[in-house]
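Structure first, then comments.
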Amino acid sequence: VAAELAATWAQLFGLLSFELFGQFENVVTDRGVFFDHAVTGLARGVGLVR
């Protein structure tokens with residue numbers, strides 16, 4: 001459980017960092033949909049969403 005939470009935290013931190021520092025510019029066109037999909041997958045991985 002701890003390893004899954006640490007991995008999820010690292011992925012979430014990476015997504016936020018990429019967004020804040022413009023790494024998704026010209027790569028992801030609809031970032032809202034992308035983030036919804038990514039965060040839902042992360043939440044599912046740690047059991048917050050079925």
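A short reminder: the numbers here are calculations on the coordinates, not readings from a lab. These figures come from a predicted structure and were not determined experimentally. Positions of Cβ are backbone-derived with ideal geometry, glycine not excepted, and every protein chain shown enters the neighbour counts.
In the chain, what chymotrypsin sites (Phe, Trp or Tyr not before Pro) fall in a loop by DSSP, with at most 13 other Cβ atoms inside 10 Å? Walk me through the intermediate numbers first.
Numbers: sites: Trp9, Phe13, Phe18, Phe21, Phe24, Phe34, Phe35; in loops: Phe21, Phe24.
Answer by residue number: Phe21.
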Testing the spin-label approximation: label points 7 Å from Cα along Cα→Cβ at Ser17 and Arg31. State their distance in nm. 1.6 nm
Taking the Cα centre of the chain as the origin, how large is its charge dipole in debye, to the nearest 20, when only Lys and Arg (+1) and Asp and Glu (-1) carry charge on their Cβ atoms? 180 debye
